[in-house]
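Engineer: Here you go, one structure.
The values are calculated or read from the model by the stated rules, or taken from the named source; none is laboratory data. As the structure is a prediction and not an experimental result, all values here were calculated from the model. All Cβ positions, glycine included, derive from the backbone under ideal geometry; neighbour counts span all protein chains shown.
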Amino acid sequence: MRTPFSVKVLTLVIILASSVAAQKSELSVIVGRTFISDKGVTGIVSADNILHSGKGLTLEADYGRRLINLGIAGLTFEVPLAVNFNEKPHFDVNLVPKDYRSFFVTPSVRANLFPGAGLSPWVSAGGGFGYFMENSTLEFGGANPGKTGTTSGVFQVGGGIDARVWHIFSVRGEVRDFFSGAPQLNVNTGKTRQHNLFVGGGIVWHF
């Protein structure tokens, strides 16, 4: 006797729902760009007294562990690690490093709406630390007289949306602001902290 098609479908739905419910961990890889606002420089006479920032290619890896799942909402502990590989500042006078890298690690709590659904919007907040690796060479050549390693406390706030494409995989779009101290760029902007706005997309593996 053949099993009715509707029973097969119902069985598959139950299996997938049970699998999703059992998945408490996730690992995501997100690729995007980091945007940093330009800043005015004081104490230096130049045709352009603005310190310009680039849009550095950034990779984020994030491990998450589900703490609470109420169906309509859920809480996840996550540890996003974001690496900006090549941020290129520009200033008219040869004072700033030709580039720098940044590393941010910010343990956070993420709140999802409908965590088991096909679409799940979320917000996240947390804090940790960051490290800037300034280049030892100046933008237009010559040795960098400033520091080539700067640490900082970092506050992270962000939001995004996950779209389930299979029961163990989702795609994610997100925006995170890593609010950190400023790297050592050898010019005075009057700012000791900066917003590092990361915009990216990638894939999430649930297990």
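Engineer: Name, by its number, the condition in (1) free of Cβ contacts under 8 Å to residues at least 60 places away in the same chain; (2) touching a Leu at 6+ places or on another chain (Cβ under 9 Å) that does not hold for GLY160.
Structural biologist: All conditions pass for GLY160, except number (2).
Engineer: Output yes when any residue across segment 171-180 is crowded, with 16+ Cβ neighbours inside 10 Å and farther than 19 Å from GLN194 by Cα, and no when none is.
Structural biologist: The answer is yes, given that some residue of segment 171-180 is crowded, with 16+ Cβ neighbours inside 10 Å and farther than 19 Å from GLN194 by Cα.
Engineer: While we're looking at this one, here's another question. On the given criteria, is VAL199 touching a residue at least 12 places away in the same chain (Cβ under 8 Å), farther than 14 Å from THR150 by Cβ, surrounded by 15 or more Cβ atoms within 10 Å (Cβ to Cβ) and under 15 Å from the mean Cα position of the chain (by Cα)?
Structural biologist: Here the answer is yes, as VAL199 does meet what is asked.
Engineer: Same structure again: Given the residues PHE103, PHE132, which is the only one that is touching a strand residue (DSSP E or B) at 6+ places or on another chain (Cβ under 6 Å) and either crowded, with 18+ Cβ neighbours inside 10 Å or at pLDDT below 95 (or both)?
Structural biologist: Every option except PHE132 fails the conditions.
Engineer: Being of a type in the set (Val, Ile, Thr) and closer than 25 Å to GLY64 by Cα is the filter here; which residues of segment 117-150 pass it?
Structural biologist: Result: VAL123, single match.
Engineer: Filter segment 23-40 down to the residues that are among the aliphatic types (A, V, I, L, M), surrounded by 15 or more Cβ atoms within 10 Å (Cβ to Cβ) and part of a strand (DSSP E or B) and list them by number.
Structural biologist: ILE30 - this is the single residue of segment 23-40 that is among the aliphatic types (A, V, I, L, M), surrounded by 15 or more Cβ atoms within 10 Å (Cβ to Cβ) and part of a strand (DSSP E or B).
Engineer: While we're on this one: Exactly one of (1) among the aliphatic types (A, V, I, L, M); (2) over 17 Å from ALA61 (Cα atoms); (3) in a strand (DSSP E or B) is unmet by VAL157. Its number?
Structural biologist: Every condition holds for VAL157 apart from (2).
Engineer: List pairs: first residue in segment 74-88 and under 16 Å from ASP162 (Cβ atoms), second residue of a type in the set (Gly, Ala, Ser) and in a strand (DSSP E or B) anywhere in the structure, Cβ distance under 6 angstrom, at least six positions apart or on different chains.
Structural biologist: Qualifying pairs under 6 Å: LEU75/ALA111; THR76/GLY64; GLU78/GLY64; GLU78/SER108.
Engineer: Given the conditions (1) part of a strand (DSSP E or B); (2) surrounded by 15 or more Cβ atoms within 10 Å (Cβ to Cβ), which single one is not true for LEU185?
Structural biologist: (1)
Engineer: Looking at LEU95 and the list (1) buried (at least 19 other Cβ atoms within 10 Å of the Cβ); (2) in a strand (DSSP E or B); (3) of a type outside the set (Ser, Thr, Tyr), which single condition is not satisfied?
Structural biologist: That leaves (2) as the condition not met.
Engineer: Just checking, how many residues over segment 165-196 are out of contact with any His (no Cβ under 8 Å at 6 or more places or on another chain), under 26 Å from GLY118 (Cα atoms) and of a type in the set (Gly, Ala, Ser)?
Structural biologist: Residues flagged as out of contact with any His (no Cβ under 8 Å at 6 or more places or on another chain), under 26 Å from GLY118 (Cα atoms) and of a type in the set (Gly, Ala, Ser) within segment 165-196 amount to 1.
Engineer: Being in contact (Cβ under 8 Å) with a residue 60 or more places away in the chain and over 17 Å from PRO97 (Cα atoms) is the filter; apply it to segment 41-61 and report the residue that is surrounded by the fewest Cβ atoms within 10 Å (Cβ to Cβ).
Structural biologist: Step by step, filter segment 41-61, then rank; the result is GLY43.
Engineer: Hey, another quick one. Could we say that SER18 is at pLDDT below 95 and surrounded by fewer than 13 Cβ atoms within 10 Å (Cβ to Cβ) here?
Structural biologist: Yes, satisfied.
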